[in-house]
Amino acid sequence: MTAGVGLIYIKPLYVILMKNGLGNQKVCKTLIKHGHVYVNNIICMNTMYAVQINDIIHVDNQSINSHPFVYIMMNKPKGYICSNQNEKYPSVFNLIDRKDCHCVGRLDHDTTGLLLITNDQSLSKRLLLPQNHIEKYYEVKTLKPLNENIIQIFYQGVIIDNDYQCLSSDLTIIDDYHCIVKICEGKYHQIKKMFLSCQNKVISLKRIQFHHLTLDPYLDEGEYRLLSYKELELIS
Ligand code: URA
């Protein structure tokens, strides 16, 4: 693996200790500064040391998980929700045995496609921060035929929720009833509301890309896998 500076999977030593449950930031930094932490059997007193993929870490004699962060891509199936606080639909966490993880943003119960699941709060914060305008691409099937006018309307910013003007979005027509929409924000039911504002209706919705990361076409609905390092770079 070639590790670039600032990539999300490169974490400072004290963060790795925190994720292993060794205490808060202050406690973990103190452990390091006081010489309790060994990287590859050598004392490391640099709290900001960038932990590498092959590093073996000990705190005194206790072995530490040097890769406590996980990044998962799921092809979300229909009928599942992204939280586990709803009794009407099962949760995607029924499909995946990682109770320490959360979804990066939510998809509606009837939306399928690319869902990121992680235990790295800093990644989700960065990807969800509205100011970052992270782009998401959706494949849309509509009830009524698409009219070319909608391209301009989406580009100018559709009004939803009575008075909210969406940011400019790109719509590419595939055929009469199918298109790809790119949005750079994530309001509740945004795509469905955008089409309703244009007197049309979404029949099916699938997210196919999040930032620069595309859905693995070999993942069937309900399947998931860890992201590769190359894929992690695409969302860093
Ligand atoms: N827009 C929607 O309307 N639903 C989703 O699940 C995602 C985007």
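The values are calculated or read from the model by the stated rules, or taken from the named source; none is laboratory data. Note that the structure is a prediction, hence the values are computed from the model and not measured. Note that each Cβ is placed from the backbone with ideal geometry, even for glycine, and that neighbours are counted across all protein chains shown. These accessible areas exclude ligands, DNA and RNA; they are computed on the full protein's heavy atoms, side chains included. Shrake-Rupley method; radii C 1.70, N 1.55, O 1.52, S 1.80 Å.
Listing for the model above:
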quantity	calculated
Pair list, Cβ < 6 Å and 6+ apart or interchain, from the range 201-229 residues that are touching a residue at least 40 places away in the same chain (Cβ under 8 Å) to residues that are open to solvent by 70 Å² or more (accessible area, probe 1.4 Å) and in a loop (DSSP other than H, G, I, E, B)	Lys201/Leu143; Ile203/Leu143; Tyr229/Met1
Qualifying positions in the range 97-106 - open to solvent by 10 Å² or more (accessible area, probe 1.4 Å) and either within 15 Å of the ligand (Cβ to nearest atom) or in a loop (DSSP other than H, G, I, E, B) (or both)	Asp97, Arg98, Lys99, Asp100, Cys101, Cys103, Gly105, Arg106
Residue match in the range 25-33 (condition: assigned to a helix (DSSP H, G or I), open to solvent by less than 60 Å² (accessible area, probe 1.4 Å) and among the charged types (D, E, K, R))	yes
Unique residue being away from the ligand (no atom under 16 Å from the Cβ) and charged (D, E, K, R) when the list is Asp161, Asp170, Asp216	Asp216
Any hit, the range 204-211, residues being in a loop (DSSP other than H, G, I, E, B) and open to solvent by 40 Å² or more (accessible area, probe 1.4 Å)	no
